[in-house]
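Below: the structure, in structure tokens.
The values are calculated or read from the model by the stated rules, or taken from the named source; none is laboratory data. In this text, all values refer to a predicted model and were calculated from it rather than measured experimentally. Every residue, glycine as well, gets a Cβ built from its backbone with ideal geometry; the counts of neighbours run over all protein chains shown.
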Amino acid sequence: MGTLQSVLNAAAQLVIGKRKFDHIASTMRDDLHWLPIRQRILFKLSTLVSKCLRRTAPSYLTDMCIPVSTASGRSCLRSSSRRDLRIPRYRLSQYGSRSFSVSGPTAWNSLPTAVCDLSSSSCFCHHLKTELFSRAYGVN
């Protein structure tokens, strides 16, 4: 992720017109309102999971997003009332957690319920970016 972050920093320097060794983090936060790479990845994963739950994503992705409430014996759990998704077990320690079937539901379950309950797609994206921006920069 360090390489991607440096590319993002270079793009910000190009857009703003700063020199190579100028500090860019505050400019990315205050002027451009860009998310760091880690939060950009969470944003993309969460919007894709949102499309899966709305059934507007391809079926091979939609089949990987299984609500906890549909599993037998788990319908009375707190996670089922929060609309959490089931995270499957995986064997490969290096690549298993990177698959969409694991990382998508993990990203979705980490979001607050106020963000996940939004009905409109554009409203969801707006509140999601606000949430991830506050996580990244500690802004309230």
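Is it the case that region 9-25 has a residue that's under 23 Å from His127 (Cβ atoms) and either surrounded by 17 or more Cβ atoms within 10 Å (Cβ to Cβ) or among the polar types (S, T, N, Q) (or both)?
Pass one, region 9-25, residues under 23 Å from His127 (Cβ atoms): none.
There is no residue in region 9-25 that is under 23 Å from His127 (Cβ atoms) and either surrounded by 17 or more Cβ atoms within 10 Å (Cβ to Cβ) or among the polar types (S, T, N, Q) (or both).
Suppose we filter Ala57, Ala12 for residues that are under 16 Å from Phe100 (Cβ atoms), modelled with pLDDT of 90 or more and not acidic (Asp, Glu); which single one remains?
Details: Ala12 fails: under 16 Å from Phe100 (Cβ atoms).
Only one candidate qualifies: Ala57.
Mind telling me which of the residues Ser50, Ser26 ends up being modelled with pLDDT under 90 and assigned to a helix (DSSP H, G or I)?
Working: Ser50 fails: modelled with pLDDT under 90.
The conditions single out Ser26.
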Which residues, taken from region 88-107, are surrounded by 14 or more Cβ atoms within 10 Å (Cβ to Cβ) and touching a Ser or Thr at 6+ places or on another chain (Cβ under 6 Å)?
-> Ala107
